[in-house]
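J.: Sharing a structure with you now.
The values are calculated or read from the model by the stated rules, or taken from the named source; none is laboratory data. Treat the numbers as computed from the prediction; the structure is a model and nothing was measured. Cβ atoms come from the backbone with ideal geometry, glycine included; neighbour counts cover every protein chain shown. Heavy atoms of the whole protein, side chains included, go into the accessibility calculation; ligands, DNA and RNA do not. Shrake-Rupley method; radii C 1.70, N 1.55, O 1.52, S 1.80 Å.
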Amino acid sequence: MDRIDAMRAFVAVVTEGSFSNAANTLQLSPQLVSKYVSKLEEQLNSRLLNRTTRKVSLTEAGSHYFGHAQQILLSIDDMESKLGGLQQNPKGVLRISAPVSFALKHMAKLITDFQIHYPLVKVDLQLTDRKVDIVEEGFDVALRIGQLKSSSLIAKKVAPIRVMLCAAPDYLNKHGTPTQPEDIAEHRYLHYSYMNMDGKDDIYQLLKAKYLKQGSELRSNNGDVLVDAAIAGAGIVLQPTFIISEALSSGKLVVVLPKLEPEALGLYAVYAHRKLLPHKVRCFIDFVEGYYGTPPYWDESIP
C-alpha cells in the first residue's frame, strides 16, 4: 500500500465527511478508500476514525494524525507544484469559506474572473457567517470581516469595510430622527446576532447597552434580512456598506447619527500556512488583493 495514497484517502474522508464523498473527490471507489484507511490504521496500530452508518468522526489518535498528515501532504504538493511547472498553471480544487451576505452580493464575479485567469482551478465556495476552523474543516482560505485578533493564522487585508447606522425615511418620519446618541434608546433596534459586542467605538457600546437592557425588536444572523426589514420601516440597523450602499443611493435608507460611524473593519483573506502555501491559494490571494478597488466600488457613492 502506498502510504501517501492512504494519507490522502484518510484526509479526504475527514474533510468531506464520509467515505462516499471522499471517493467522489479522489475519483476512487468507496471500497478502495475504505481499504486505504483500514490498512493505514493497521500500520499505525491505532483506530483513526469512529464509523457509524450515518457518519464518521475522528478519534483522539485520528485528530493528532490528521493535522500531521495535512502538513505532510501540503509539503508534498508544494514540492510537486514547483517541480512540475504548476507555478504557471495552478490547478486543483480551491475550498473557500466566505460570509453569506458578502458572497451573495460580491463574490460571483470575483470567482468567475479568477477562473478566467486560472481555468484549471475548480472552486468549492461554502457560505457561512460562522468562523470556520480552516485546518480542521479542510478549507484553503477563508474570507472574514472584522478586526482580527492575533492568532496562528495568516491574514491579508483585501478591503476596508465601513459600517453605518441607518433607517428608512418613513420610519424616521413616524418615530423621529435621532439627533444625539442617547436618542437611540427610544427607537426600535434590529440586531445582528454576530455583531461584535466588545467593539470599543461609541456606537457599539450604545447598541450593546440597549440590547442588554431592552432586547431587540428583531434579531437575525443575516444582515440582508435586517436591511430589508429596515427598508420596510421596522427600525434602525447597523450594517456594512457592502449591503446597504444601494439602499442609501436610492434613498430607501438614510444614515442616522453619521458622526457615530465606527472605525472601519476589514475584509481579510485568512489562511493557515505561509511556507507551504499551495500555488492555487497563492494565486487566489494575490488575485483578490485590490480586486474591489480603493475605496471598494460599493463605497464610491457614499461620502
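J.: Quick one: accessible area per residue over the range 11-55, 1.4 Å probe, rounded to a whole number of Å²?
T.: Here the residues of the range 11-55 average 64 Å² of exposed surface.
J.: Please enumerate, by chain and number, the aspartates and glutamates with C-alpha under 20 Å from the C-alpha of residue 122, excluding those fewer than 8 residues away in the same chain.
T.: Counting by Cα, and skipping residues close in sequence, residue 122 has these aspartates and glutamates nearby: 16, 77, 78, 80, 113, 137, 140, 286, 289.
J.: Contour minus end-to-end for residue 104 and residue 173, with contour as 0.36 nm per residue of separation and end-to-end as the Cα-Cα distance?
T.: Taking 0.36 nm per residue and subtracting the Cα distance, the gain is 21.7 nm.
J.: Given the Cα-Cα distance of residue 254 and residue 53 and 0.36 nm per residue of separation, how much length would full extension add, in nm?
T.: Computed gain between residue 254 and residue 53 is 67.0 nm.
J.: Still on this structure, please answer the following. Sort the following peptides by mean Cβ neighbour count (other Cβ atoms within 10 Å, averaged over residues), highest first: 282-289, 208-215, 68-75.
T.: Highest mean packing first, the order is 282-289, 68-75, 208-215.
J.: With every protein chain left in place, what is the accessible area per residue of the range 163-255 in square angstrom, probe 1.4 Å?
T.: Ligands and nucleic acids excluded, the result is 50 Å² per residue.
J.: Straight-line reach from residue 156: which lysines have Cα under 19 Å away, leaving out those fewer than 8 places along the same chain?
T.: 131, 275, 280
J.: Return one number: the angle in degrees, 0 to 90 and rounded to the nearest 10, between the long axis of the Cα atoms of helix 60-83 and the longest principal axis of the Cα atoms of the chain.
T.: Taking the Cα atoms of the chain, the angle to 60-83 is about 80 degrees.
J.: Compute the signed sum of charges (Lys and Arg +1, Asp and Glu -1) over the other residues within less than 12 Å, Cβ to Cβ, of residue 302.
T.: Its environment carries a net charge of -3.
J.: In whole angstrom, how far apart do the alpha carbon centroids of the range 151-215 and the range 234-303 sit?
T.: Between the Cα centres of the range 151-215 and the range 234-303 lies a distance of 16 Å.
J.: Obtain the nm distance between the two label points defined at residue 76 and residue 220 by a simple spin-label model: each point lies 7 Å from its Cα along the Cα-to-C-beta direction.
T.: Distance between label points: 4.7 nm.
J.: Here is a further query. Under a 5 Å amide H to amide H cut-off, with H placed in plane at 1.01 Å, what residues pair with residue 94 once short-range neighbours are removed?
T.: 122, 123, 124
J.: Using helices alone, I'd like the mean residue ellipticity at 222 nm for the chain: each DSSP H run of four-plus residues gives -39500 (n - 2.57), total over residue count, nearest 500. Each step should come with its number before you reach the end.
T.: Working: 11 runs with 127 residues, N = 303.
Calculated mean residue ellipticity at 222 nm is -13000 deg cm²/dmol.
J.: Share of the chain's accessible area from carbon and sulfur, percent, 1.4 Å?
T.: About 50 percent, which is the carbon plus sulfur part of the accessible surface.
J.: Go through the range 13-26 residue by residue and turn each phi into a ³J(HN,Hα) via Karplus (6.51, -1.76, 1.60, θ = phi - 60°); whole Hz please, and just put x for glycine and proline.
T.: Residue by residue, the range 13-26 yields 4, 5, 6, 8, x, 6, 5, 5, 5, 4, 4, 4, 5, 8 Hz.
J.: Now for a different question. Once amide H atoms are built 1.01 Å from N in the peptide plane, which residues 5 or more positions from residue 128, or in another chain, come under 5 Å H to H?
T.: So residue 128 has HN proximity to 98, 100.
J.: Could you sort 255, 121 by accessible area so the largest value comes first, with the probe set to 1.4 Å?
T.: From most accessible down to least: 255, 121.
J.: Then there is this: Report for the chain the percent antiparallel among DSSP-assigned beta bridges with both residues inside it, nearest 5.
T.: Beta bridges within the chain, antiparallel portion: roughly 60 percent.
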